[in-house]
Amino acid sequence: MHVRCPRIDFSNLNPRWSWHHEFAQRANANSVIPAYIEPFIVKVMHQAKAKLGADDRQLRDDIDIFIKQEVQHYKLHNAFNARIRAAGYPGIAAFEDALQARLQRIFDTKSLAFKLAYAVGFESSALVFAHVWFTRYAEYLDGADPDAVRLWKWHWAEEYEHRDVAFRVYKTIVGRRGLFGGYFYRVSAFLAVSLDLMKCANAIASHLLAVDRATMTPEHRQASEARDKAFMAQFRRDAGQALLNVLRPSYDPATATPTPQAAAYLASNEMTDAP
Ligand SMILES: [Fe+2]
Ligand SMILES: [Fe+2]
């Protein structure tokens, strides 16, 4: 696990960067999420680190790398999102403001225990997406814009690298809170964060797709709707198993090892800092 600062230039990116436009717009919508939740998680981790004792030196060191990786993630997603706004979709700014306000409210009003559980929930869902991206999306990424592909693969690969840090922090500080050794507390926070973020990403995707469809013929609009419906049905099937894994009482992200494709990517030149 180490910090990388890839330089990726999105200034000429076409928002429809995959031949499967609906897939690209779904990914563009999802890119808004880390730009706000990852700064939130970084703030939560700073609060958590202050609670750790001298015995937790390894965990404190891992938190430092975790934070630095997440900072790089949200910085590049911010640059990516700025390009999407500038390239014909300024309307996503309103969704971004709402998400930021919602997360700020959670940060200001909820306990550290809840915020850590919320952070673990997001980190768990990131592994679900990482799994799907590395195992199922090769067909959509074939011929796609390499800068967009690199953003996502680099991000997901690093999510694998630091996959158990937030969970270990949660276990150390929160421990077995509530019923059944803390199972319900962890799972209800996971469901809360998943619902929150899924609702937000779906609303943004609907907006992006509506902008595209406004200039389509009825036939093209219908075809676009059918492609999106099929894509989402496939996503639900692909993500389902990985999601069920998170709901198991014995869930431990340390055991969610990178898929062979992710391991190969982690070992590739794409994960160097070269521009
Ligand atoms: Fe991240
Ligand atoms: Fe992460």
How many of the residues making up segment 72-84 are away from ligand 1 (no atom under 12 Å from the Cβ) and either surrounded by fewer than 16 Cβ atoms within 10 Å (Cβ to Cβ) or in contact (Cβ under 8 Å) with a residue 60 or more places away in the chain (or both)? 5
Which pairs turn up if I take residues in segment 24-52 that are in contact (Cβ under 8 Å) with a residue 40 or more places away in the chain and closer than 12 Å to I84 by Cβ and look for partners that are within 14 Å of ligand 2 (Cβ to nearest atom) and among the aromatic types (F, W, Y) with beta carbon separation below 6 Å, at least 6 apart in sequence or on another chain? A35/Y74
Can you tell me which of (1) part of a loop (DSSP other than H, G, I, E, B); (2) within 16 Å of ligand 2 (Cβ to nearest atom); (3) acidic (D, E) is the one E38 doesn't meet? (1)
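Matching residues to (1) crowded, with 19+ Cβ neighbours inside 10 Å; (2) modelled with pLDDT of 95 or more:
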site: M1; (1), (2): no, no
site: S18; (1), (2): yes, yes
site: A24; (1), (2): yes, yes
site: Y36; (1), (2): yes, yes
site: I41; (1), (2): yes, yes
site: H46; (1), (2): no, yes
Looking at segment 109-126, is at least one residue touching a residue at least 40 places away in the same chain (Cβ under 8 Å), surrounded by 15 or more Cβ atoms within 10 Å (Cβ to Cβ) and not in a helix (DSSP H, G or I)? no
Residue ID - farthest from T172 (Cα to Cα), chosen from residues in segment 53-71 that are away from ligand 1 (no atom under 16 Å from the Cβ) and free of Cβ contacts under 8 Å to residues at least 60 places away in the same chain: D61
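Of the residues A166, A119, which is within 13 Å of the chain's Cα centre (by Cα), aliphatic (A, V, I, L, M) and under 25 Å from M45 (Cβ atoms)?
The conditions single out A119.
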Candidates Q58, Q69 - the one that is part of a helix (DSSP H, G or I) and crowded, with 16+ Cβ neighbours inside 10 Å: Q69
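Looking at A192, A166, which one is within 16 Å of ligand 1 (Cβ to nearest atom), assigned to a helix (DSSP H, G or I) and either touching a Gly at 6+ places or on another chain (Cβ under 8 Å) or in contact (Cβ under 8 Å) with a residue 12 or more places away in the chain (or both)?
A166
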Of the numbered conditions (1) assigned to a helix (DSSP H, G or I); (2) surrounded by 16 or more Cβ atoms within 10 Å (Cβ to Cβ); (3) at pLDDT 95 or above, A93 satisfies every one except a single condition; which is it? (2)
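The values are calculated or read from the model by the stated rules, or taken from the named source; none is laboratory data. Everything quoted here is computed from the prediction, not taken from an experiment. Using ideal geometry, Cβ is built from the backbone for each residue, glycine included, and neighbour counts are taken over all protein chains shown.
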